[in-house]
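Structure first, then comments.
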Amino acid sequence: SKGNYRHFMLKEIHEQPIVVAQTLRTYLRRLEGELAPPPEDIDLASVRRVTIVACGTSFYAGMVAKYWFEQFARVPVDIDVASEFRYREPIMEEGGLALFISQSGETADTLAALRHARASGQKIAVVVNVPTSTMAREADLLLPTHAGPEIGVASTKAFTCQLAVLAALAASLARAKGRLSQEEERRIVRHLSEAPAAINGALAYDEAIEALAATIAPARDVLYLGRGPDYPLALEGALKLKEISYIHAEGYAAGEMKHGPIALIDDAVPVVVIAPSGPLFDKTVSNMQEVQARGGQVILISDYDGIEAAGEGCVATLTMPKVHPLIAPIVYAIPVQLLAYHVAVAKGTDVDQPRNLAKSVTVE
Ligand code: M6R
């Protein structure tokens, strides 16, 4: 049931502090400051390359994971949407690890890719939310998310739980590769453990975002910008908005704007900039200023320091809790989801059952 919430989507957004904590419990030994040991039947130290395959929002979780796997474990990652991967004759070295990410565990494109990878001699790891699903059954290494049933067609809590699992997996892979000191492991466990409280802090912006939605609802196009591990969030923000509000939206890597898309900017285009404090902040802000100089209406999502440094000239700002860059994609998913939700409500669309879409896509 929806409880006191107007839609399943809103309920599921608000469940995230609990379900992310629930998911992390499987992968972290918080008190010991350690990662939980990986299942014995998988030798992470021998993984030389990871191939990630998924669709939609699950694919964007995989894109974030590519940054983490490469940064922490120094393992090269190939990533593709399942429908392209399956039919492009991908190169897979015998014994490689293929990682599939799916809420439902039934998506036909992803399942076809999984079976193709198995036939090509890959070990199959699956991050999946439905424990009884086909993909869960076909996995060598099952990495469950504990988001609970997700009813809204727009994926929300499954996404943040996928990110939690993938961050822990990246750290486990780094440890297996001898690239993580005990001190660093302890630090990563601590940062990840802080995610549920930080999500709570982000949820406190629900009303502020609702107020903002009125200014976005009339727009014809909306752009989302981010960099590094927060770039996939820009793609996710745009997908969420398209799916449930039917407003045309695109996500771009912030630095790519000046190579073409900036031609779209005028004062009728809201631009959502996702820019947590961190090593990429200054670069993102200079891309944002290029947009502002052309009349773009910027909504800046950052933390207190980021808003202090760059909030001037924005039509709106949203102040997230200050978090370590590792968990920023998890925390910044919240305002992106809430924004899409409130814009859709303002437009009066069927939020939980958007037109032309099904919760689980079982045809290729
Ligand atoms: O169940 P899956 O995670 O495999 O589903 C993949 C996509 O169909 C799904 O994420 C879709 O993009 C959502 N409607 C996004 O909100």
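The values are calculated or read from the model by the stated rules, or taken from the named source; none is laboratory data. As the structure is a computational prediction, the values presented were derived from the model and not from experiment. Note: ideal-geometry Cβ built from the backbone for every residue, glycine included; neighbour counts use all protein chains shown. Accessible surface is based on the protein model in full, side chains and every heavy atom, while ligands, DNA and RNA are left aside. Shrake-Rupley method; radii C 1.70, N 1.55, O 1.52, S 1.80 Å.
Annotations for the structure displayed:
- Against the conditions (1) touching a strand residue (DSSP E or B) at 6+ places or on another chain (Cβ under 7 Å); (2) under 30 Å from Ala268 (Cα atoms), Glu185 satisfies every one except (2).
- When each of Gly148, Gly96, Gly152, Gly105 is tested for being closer than 25 Å to Arg179 by Cβ and small (Gly, Ala, Ser), the lone residue that passes is Gly96.
- Screening Ala204 on (1) under 16 Å from Ala333 (Cα atoms); (2) in contact with a helix residue (DSSP H, G or I) (Cβ under 9 Å, 6 or more places away or on another chain); (3) open to solvent by 40 Å² or more (accessible area, probe 1.4 Å) shows it passes everything except condition (2).
- Residues that are within 14 Å of the ligand (Cβ to nearest atom) and open to solvent by less than 20 Å² (accessible area, probe 1.4 Å) within segment 74-91 comprise Ala82, Phe85, listed in sequence order.
- Filter result for the condition that a residue is hydroxyl-bearing (Ser, Thr, Tyr), open to solvent by less than 10 Å² (accessible area, probe 1.4 Å) and within 16 Å of the ligand (Cβ to nearest atom), over Tyr224, Tyr246: Tyr224
- Pick from segment 147-194, criterion part of a loop (DSSP other than H, G, I, E, B) and away from the ligand (no atom under 15 Å from the Cβ), ranking: surrounded by the fewest Cβ atoms within 10 Å (Cβ to Cβ): Gly178
- Scan segment 32-62 for residues that are within 16 Å of the ligand (Cβ to nearest atom) and of a type outside the set (S, T, N, Q) and the total you get is 9.
- Against the test of being open to solvent by 10 Å² or more (accessible area, probe 1.4 Å), within 14 Å of the ligand (Cβ to nearest atom) and over 17 Å from Thr57 (Cα atoms), the options Ala108, Ala139 yield a single qualifying residue, Ala139.
- Residue selected from segment 125-136 under the condition assigned to a loop (DSSP other than H, G, I, E, B) and within 13 Å of the ligand (Cβ to nearest atom), by the criterion nearest to Val331 (Cα to Cα): Asn129
- Index of the failed condition, Leu280 passing every other in (1) under 19 Å from the mean Cα position of the chain (by Cα); (2) of a type in the set (A, V, I, L, M, F, W, C); (3) buried (at least 22 other Cβ atoms within 10 Å of the Cβ): (3)
Listed here are the residues, each with its yes/no results for (1) open to solvent by 50 Å² or more (accessible area, probe 1.4 Å); (2) within 15 Å of the ligand (Cβ to nearest atom); (3) in contact (Cβ under 8 Å) with a residue 12 or more places away in the chain; (4) among the basic types (Lys, Arg).
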residue	(1), (2), (3), (4)
Val64	no, yes, yes, no
Phe72	no, no, yes, no
Glu93	yes, no, yes, no
Leu97	no, no, yes, no
Lys123	yes, no, yes, yes
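- Just one residue in the set Leu24, Leu44, Leu31, Leu10 is modelled with pLDDT under 90 and of a type outside the set (Phe, Trp, Tyr); that residue is Leu31.
Conditions (1) closer than 18 Å to Tyr231 by Cα; (2) more than 20 Å from the chain's Cα centre (by Cα); (3) open to solvent by 40 Å² or more (accessible area, probe 1.4 Å), marked per residue:
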| residue | (1), (2), (3) |
| --- | --- |
| Glu308 | no, yes, yes |
| Gly311 | no, yes, no |
| Val315 | no, yes, yes |
| Leu318 | yes, no, no |
| Ile327 | yes, no, no |
| Thr349 | no, yes, no |
| Gln353 | no, yes, yes |
| Lys359 | no, no, yes |
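- Qualifying residue in segment 164-172 (condition: more than 28 Å from Gly33 (Cα to Cα) and touching a strand residue (DSSP E or B) at 6+ places or on another chain (Cβ under 6 Å)): no
- Members of segment 253-270 found to be surrounded by fewer than 23 Cβ atoms within 10 Å (Cβ to Cβ) and under 17 Å from the mean Cα position of the chain (by Cα), listed by number: Ala253
- Figure legend. Inter-residue proximity from segment 280-308: first residues part of a loop (DSSP other than H, G, I, E, B), second residues of a type in the set (D, E, K, R), beta-carbon distance below 7 Å, spacing 6+ or different chains. Indicated pairs: Leu280/Arg227; Gly295/Asp266; Gly295/Asp267.
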